[in-house]
Amino acid sequence: MSVYLVGAGPGDPGLITARGLELVRTCDVLIYDRLVARELVEEAPPEATLVARDELSQDEIEGLLVAHGRAGAEVVRLKGGDPFVFGRGGEEALALAEAGVPFEIVPGVSSLAAVPAAAGIPVTHRGVSSQVTLVAGHDIGALDLSRLAQTPGTLVVFMGLAQLGTLTDALIARGKPAGTPAAVVASGTLPEQQVEIAPLGEIAEAAVGLQPPALVVIGDVVGLAHRLQTPLADPAALHA
Ligand SMILES: C[S@@+](CC[C@H](N)C(=O)[O-])C[C@H]1O[C@@H](n2cnc3c(N)ncnc32)[C@H](O)[C@@H]1O
């Protein structure tokens, strides 16, 4: 095995898997994303080659993975959350497969459920929501907004902060009740986590000033947050 696509978890460095951490600690090359905790990068061996993904295009990343993999290095590609949830892990795995380079997917804790949980929001809850829909919110034109507005259950929006007002207006215009509970969780699971909760029609205004990364959660499960936001669900308290 030579290339590992590893999920780093949602932010808190303690939320990487045991297998993921072991691979980081023994790799020859570590290629890591911006959202990955610094503490995890520092776990790589001192002699390992470290590559920050920031400056590189997707093609360049894939080229590096293939080149290091072919050279027989133990390569860890460390990605925020889970590699296969809006993480382009599938693209990188395809590039490796096409090049004939052996690889393994090491799943991670996705922000999908972990970030809402850190704010006291269960994405499913018996009798409240038995369906979760995930969307990427950075390209609203690519979404089927009419269908989305009518879809029951919980809607989780990744990369949706910049266009939040456009999205909520569009959903309301297509029939989603403006009073639907909604939340924005920024820097979830980290000490600087911030949470805003408001009805759908007001959430964009409430979220002004929050910085990415942020996850948007829309649905009745958000109504449980005021009962489930215990001190233990408050990362700032955990890190204090
Ligand atoms: C490119 S996607 C990667 C998702 C990742 N693969 C996962 O499974 O969580 C990045 C988006 O995930 C969400 N996200 C990731 N980490 C987050 C965090 N700690 N707090 C809030 N949102 C987060 C944000 O919507 C962010 O824009």
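Summary of values
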{"quantity": "Chain lengthening between ARG19 and ALA73 when straightened (0.36 nm per residue, less Cα-Cα)", "calculated": "17.6 nm"}
{"quantity": "Heavy-atom surface of the range 1-157, accessible at 1.4 Å and reported per residue (Å²)", "calculated": "47 Å²"}
{"quantity": "Over the range 90-240, relative contact order from alpha-carbon pairs under 8 Å, at least 6 apart, %", "calculated": "27 percent"}
{"quantity": "Solvent-accessible area, 1.4 Å probe, carbon plus sulfur percent, for the chain", "calculated": "53 percent"}
{"quantity": "Rounded FRET efficiency, nearest 0.05, which uses the C-beta distance separating VAL208 from ALA52 and R0 of 25 Å", "calculated": "0.25"}
{"quantity": "Rounded FRET efficiency, nearest 0.05, which uses the C-beta distance separating GLU39 from HIS138 and R0 of 30 Å", "calculated": "0.60"}
{"quantity": "Efficiency of FRET between ASP169 and LEU228 - r from beta-carbon atoms, R0 25 angstrom, step 0.05", "calculated": "0.30"}
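The values are calculated or read from the model by the stated rules, or taken from the named source; none is laboratory data. On a predicted model such as this, the values are computed, not experimentally measured, just so you know. Using ideal geometry, Cβ is built from the backbone for each residue, glycine included, and neighbour counts are taken over all protein chains shown. Surface areas here come from the heavy atoms of the whole protein model, side chains and all, with no ligands, DNA or RNA. Shrake-Rupley method; radii C 1.70, N 1.55, O 1.52, S 1.80 Å.
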